[in-house]
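Below: one structure, written as structure tokens.
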Amino acid sequence: MTATPRDLSPSPKVRPWHLDRGAIVYVRQSTPQQVADHQESTARQYALTDRASALGWTRERVTVIDDDLGKSGQSIEGRPGFQRLLAEVALDRIGLILGLEMSRRARSCKDGHQLLELCARFRVLLADADGVFDPTDHSDRLLLGLHGMMNEAELHVLKQRMHQGKLNKARRGELIVSVPVGYLKHPSGQVTLDPDEQAQGVVRLIFDEFDRQAPSTESFAT
């Protein structure tokens, strides 16, 4: 008897009921700047459609969800792509979800576990370039869970470092988040008045009026 393509699946975790359903490639970058600067990472994520084909899915059964490009994985809020992904799993339409690093599917353990629970309930596999994970398997589930916890801890450390960096700049008087209307910030970091004479006139008028209205230091002394 001649073997069918399903019999030749490169992973023993891929079963006929998985192949009867579709596959989703979930594409995400955390910020618009990453989308612009790290195009190779984005291209690698789109290329996971080839990974789905290698695992036995036909091209027409593979859907790419890239609604979350430029959106942080810190929370499910504001991530329509991740919400769509959860909905597709809950409707029992999906047999496989692929991402660049499935252990980093979400920075929040709560959101990550929600996806993991749904995948286990509907027997959906998770895969990346390194392996295929079955959330109904104890070892695979433990591995994905531990990696998710480490990623959430990493986010906390990164936020603390950024906060301390801002504090140090503030202590040196170098922290400028944004400049007021009527001023411009140059690439060098220097802040100057807007070259528009009308804008300069309005700024000077505001300060002059403030000086007239503000109580003098003598009135505070009395």
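Each reported figure results from applying straightforward, stated rules to the coordinates on display, with no laboratory input. In this text, all values refer to a predicted model and were calculated from it rather than measured experimentally. Backbone-built Cβ (ideal geometry, glycine too); neighbour counts: all protein chains shown.
Just name one of Gly22, Phe82, Val132: the one whose Cα is farthest towards the positive end of the charge dipole of the stretch 5-152 (beta-carbon charges, Lys/Arg +1, Asp/Glu -1).
Sorting the options by dipole projection puts first Gly22.
Taking the mean number of other Cβ atoms within 10 Å as a proxy for protection, how do you rank 160-168, 110-118 from highest to lowest?
Values: 160-168: 10.6, 110-118: 18.3.
Sorting 160-168, 110-118 by mean packing, highest first, produces 110-118, 160-168.
Got a sec to turn the phi values of the stretch 17-27 into Karplus ³J(HN,Hα) couplings, 6.51 cos²θ - 1.76 cosθ + 1.60 with θ = phi - 60°, whole Hz, x for Gly and Pro?
Karplus values, whole Hz, x for Gly and Pro: 5, 5, 6, 6, 10, x, 10, 10, 9, 9, 10.
Please give the charge dipole size of the stretch 5-152, origin at the Cα centre, charges +1 on K and R Cβ atoms and -1 on D and E Cβ atoms. Round to the nearest 20 debye. Walk me through the intermediate numbers first.
Values: 20 positive and 21 negative charges, 54 e Å.
About 260 debye.
Between Thr192 and Leu91, what length in nm is gained on full extension when 0.36 nm per residue of separation is reduced by their alpha carbon distance? Walk me through the numbers on the way to the answer.
On the way: separation 101, 0.36 × 101 = 36.36 nm, distance 5.71 nm.
Result: 30.6 nm gained on full extension.
Among 205-211, 23-29, what's the highest-first ranking by average C-beta atoms within 10 angstrom per residue? Before the final figure, lay out the partial values.
On the way: 205-211: 10.0, 23-29: 24.4.
Per-residue Cβ counts within 10 Å, averaged per peptide and sorted highest first, yield 23-29, 205-211.
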